[in-house]
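Here is the structure we will look at, set down as structure tokens.
The values are calculated or read from the model by the stated rules, or taken from the named source; none is laboratory data. Predicted model only: the values in this text are computed from it and were never measured. Here the Cβ positions follow ideal geometry from the backbone for every residue, glycine too, while neighbour counts run over all protein chains shown. Note: areas computed on protein heavy atoms with side chains; ligands, DNA, RNA excluded. Shrake-Rupley method; radii C 1.70, N 1.55, O 1.52, S 1.80 Å.
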Amino acid sequence: MRTLTMLRTRKARRGIVLLDVVLALAVMALAAYVLMPVPTGSLSRNDVMAEAVRVGAVFRYGRTMAIRDRSPTDVVVDVMTGEIEGPGEIVSVRQDIRLVWSTSSQCPLDRGRRALRFLPDGRSCGGVLSLSGSGHEALLRVDWLTGRVEMTAR
């Protein structure tokens with residue numbers, strides 16, 4: 001009887017050890033899943049829209065400065081480097097976002113880059129800037145007559 005009790009106790013201990021190992025592996029797998037980095041290769045719609053909001057703010061600030069200072073103000077868009085140069089600041093758009101800039105031939109050139117010019121009365125030369133990536137697109141339209149900056153998502 002004593003040997004049977006000892007045998008059962010040893011088997012029970014082995015079972016507990018196996019259960020401990022399985023639980024430890026489950027905890028490690030859960031921790032690895034939670035702490036695993038998110039792939040950065042894809043853009044969400046919100047990422048594209050956030051960049052469009054940043055660039056739109058530079059356009060609006062350029063218009064405000066032209067009206068306030070009563071002199072023309074240029075916002076230069078460099079689609080090759082992804083930089084938007086406004087009055088007193090340069091905003092760099094994320095590298096994984098593609099820019100397409102369409103403006104009027106009336107917009108001035110600045111070192112080979114087309115600038116969006118705002119006039120003291122609030123008007124501009126007008127243009128459309130497309131920001132796109134991972135199948136998402138945001139459009140910034142600048143009305144030539146009013147200088148209004150409008151953002152839409154597609």
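Things to note:
- Subset of the stretch 112-154 [of a type in the set (Val, Ile, Thr) and in contact with a helix residue (DSSP H, G or I) (Cβ under 7 Å, 6 or more places away or on another chain)]: VAL142, VAL149
- Some residue of the stretch 113-127 being open to solvent by 10 Å² or more (accessible area, probe 1.4 Å) and under 19 Å from the mean Cα position of the chain (by Cα): no
- Checked against (1) in contact (Cβ under 8 Å) with a residue 60 or more places away in the chain; (2) open to solvent by 60 Å² or more (accessible area, probe 1.4 Å), LEU131 passes all but a single condition, namely (2).
- ARG94 touching a residue at least 40 places away in the same chain (Cβ under 8 Å), open to solvent by 80 Å² or more (accessible area, probe 1.4 Å) and more than 20 Å from LEU145 (Cα to Cα): yes
- Total residues in the stretch 52-81, condition open to solvent by less than 20 Å² (accessible area, probe 1.4 Å) and either in contact with a Ser or Thr (Cβ under 6 Å, 6 or more places away or on another chain) or closer than 16 Å to ARG141 by Cβ (or both): 9
- Close pairs from the stretch 135-154: first without any contact (Cβ under 8 Å) to a residue 40 or more places away in the chain and under 22 Å from ALA66 (Cβ atoms), partner part of a strand (DSSP E or B) and of a type in the set (Lys, Arg), Cβ under 7 Å, at least 6 apart: GLU150/ARG141
- Matching residues, the stretch 82-121, being in a loop (DSSP other than H, G, I, E, B), of a type outside the set (S, T, N, Q) and within 23 Å of ASP143 (Cβ to Cβ): PRO87, VAL93, CYS107, PRO108, LEU119, PRO120, ASP121
- Subset tally (residues that are surrounded by 14 or more Cβ atoms within 10 Å (Cβ to Cβ) and charged (D, E, K, R)) for the stretch 99-112: 1
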